[in-house]
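The values are calculated or read from the model by the stated rules, or taken from the named source; none is laboratory data. From a predicted model like this one, the values you see are computed outputs, not experimental measurements. Backbone-built Cβ (ideal geometry, glycine too); neighbour counts: all protein chains shown. Side chains are part of the model used for accessible areas, which takes the heavy atoms of the whole protein and leaves out ligands, DNA and RNA. Shrake-Rupley method; radii C 1.70, N 1.55, O 1.52, S 1.80 Å.
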Amino acid sequence: MKKPALIALIVLNTTFMMALTFYFMKLPWLASDEKFLIWGTTALSFANREITDSEDFALINTSYDLQLIDRYDEFGFPVGNQAITDRQKLTQLLQVINQAAKKPKYVIIDIHFVDSTSQDDQLLAELQQLDNVILSAHINDAGELEKPLFEGINFGISDYLIGSAFDGIYKYQLIYQDTLKLLPLKVHEAINEIESQKMGPFIKMESGWTMNNFIMNYRVLQKDIYDLEAGFNPVSLGELLFLTNEDIQDFIADKIVVIGDFFENDMHETILEITAGPLILLNALLTIQHGDTAVNIWFFILMTAAFALLSYLVFVEGDIIERYINKLPVKKLTKYLVGFASYFIMLTALSLITYWLFNIHLNVFFIALAFYFLDRLVGYIFYANTVKKES
């Protein structure tokens, strides 16, 4: 192949594979090999980690503070009871917060407010007095936004929109359908008084660029909230209300307060362990605050160089990998498997580098398949042309 044609093909394929990489990062699932790779690198990273400072956060658990309300069928007839978070206790807590001389930095209430109760008017009145509060919203089965029942109160999506498929939450995204911002991103914007904008697979913030879709590195694990020394222990709502108003106000003063079910009914499988929904939201906020998925020019230089090298191996007939595979005294099918494995190993090494340098995991299995299928196609074309010339 002539050099100009080779360069053109390498440039085109590098661009295509970059776009394909970001597309695969948007998908909700991982191949089994990718799960093991991501789990291994994440676990190794966490073996020597330092837990995030807990002084800026106050976690309040609602797992054991429930009330019974009527459950209605689709026609509006009562069919029994259902348990929801005790809104009277929540109202009482917000009253104490509103009376404080030093307010929280922000209040995140990760509770699904969809059913009405007799305490709603009082709770709404307290919510309206808080300038720095946000409620959870959800996407229903029809793909529609299901807002909290309290009109006029700030809300953000708390679903894990690209991580709820199949068997666990492995990925996260910050903006859904280009305009709907997830709760952690809205909190980050409010605290720092900034605006963010989605541009393709990235989000532009004042501090730089970050990935919209990413595999999250958890800074606080579920096991950490059981560890008294870690300082992230959630205080149950009922127990907190036994304290004096002054003690409660000291507990929440100038902190990010996260209220939700940390132990019982809002648990999800993540890459490392079963984790509570409010804790996932907190980790997503920490991910943004610490710039864990920030991208810069060096990330693109590394990706471009690596994909250009792999593209070279695809389009150059008789490269070192092919010469090595052709010498193997094995069956043809085994040679195919070895050929795929060579691309998978090289992309695995690339994913390890991007993780250690930029905290970004790659979907290497499907990219390796794409490179290998293209390699086989190019090899078939070269072989067909050679046979044609010889005949």
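Points worth noting:
- Between Leu59 and Val235, Val258, the built amide H atoms are under 5 Å apart, and every one of these is 5 or more places off in sequence or on another chain.
- Near Gly143, once Lys and Arg are set to +1 and Asp and Glu to -1 for all other residues with Cβ below 15 Å from its Cβ, the sum equals -4.
- Principal semi-axes in Å for the chain [√(5λ), Cα gyration tensor, largest first]: 50, 21, 19
- Checking the cross-link pairs Lys171/Lys223; Lys26/Lys105; Lys186/Lys223 against a 30 Å limit on the alpha carbon distance flags Lys26/Lys105 as lying beyond it.
- Interchain or long-range residues, amide H under 5 Å from Tyr176's placed H: Lys181, Leu182
- The angle between the Cα long axis of helix 332-358 and the longest principal axis of the Cα atoms of the chain comes to about 50 degrees, rounded to the nearest 10.
- A simple packing score, the average count of other Cβ atoms within 10 Å per residue, orders the peptides 191-201, 255-265, 220-230, 67-77 as 255-265, 220-230, 191-201, 67-77, with the highest score first.
- Accessible surface of the chain, 1.4 Å probe, proportion on carbon and sulfur as whole %: 57 percent
- Note, ³J(HN,Hα) from phi for the stretch 207-213, Karplus 6.51, -1.76, 1.60, rounded to Hz, x at Gly and Pro: 7, x, 10, 9, 6, 7, 10
- Given charges at beta-carbon only (K, R positive; D, E negative), |dipole| of the chain in Debye: 3000 debye
- Alpha-carbon radius of gyration plus Dmax, which is the widest Cα pair, for the stretch 25-145 in Å: 20.1, 56
- Stretching Thr179 away from Glu144 to a fully extended chain increases their span by 11.3 nm, per 0.36 nm per residue minus the current alpha-carbon distance.
- Relative contact order of the stretch 1-131, defined on C-alpha pairs under 8 angstrom at six or more residues apart (%): 15 percent
- Net lengthening on full extension, Phe382/Phe251 (0.36 nm per residue, minus Cα-Cα): 40.1 nm
- Each of Arg376, Arg87, Arg219 has its accessible area taken with a 1.4 Å probe; listed largest first, they run Arg376, Arg219, Arg87.
- Per-residue ³J(HN,Hα) for the stretch 53-69, Karplus 6.51 cos²θ - 1.76 cosθ + 1.60, θ = phi - 60°, Hz, x for Gly and Pro: 4, 8, 5, 8, 10, 10, 9, 10, 8, 10, 4, 10, 10, 10, 9, 9, 10
- In terms of accessible area, using a 1.4 Å probe and ignoring ligands and nucleic acids, Trp29, Trp39 rank largest first as Trp39, Trp29.
- Near Ile139, the amide H atoms lying under 5 Å from its own belong to Glu146, Asp159; only residues 5 or more places off or on other chains count, and H is placed 1.01 Å from N.
- Angle between the chain longest axis and helix 277-289 axis [Cα atoms, degrees, rounded to 10]: 60 degrees
- Charge dipole (Cα centre; +1 on Lys/Arg Cβ, -1 on Asp/Glu Cβ; no other charges) of the stretch 125-242 amounts to roughly 400 debye.
- Of the beta bridges in the chain, as assigned by DSSP with both residues counted there, near 55 percent are antiparallel.
- Axis of helix 297-315 versus longest Cα principal axis of the chain: the two differ by about 40°, to the nearest ten degrees.
- The chain: relative contact order as a whole-number percent, Cα under 8 Å and 6+ apart: 23 percent
- The residues of the chain expose, per residue, 51 Å² of accessible area to a 1.4 Å probe.
- For the chain, built as a Gaussian network whose Cα springs stay under 10 Å, the top-fluctuating residue of Phe340, Phe16, Phe365: Phe16
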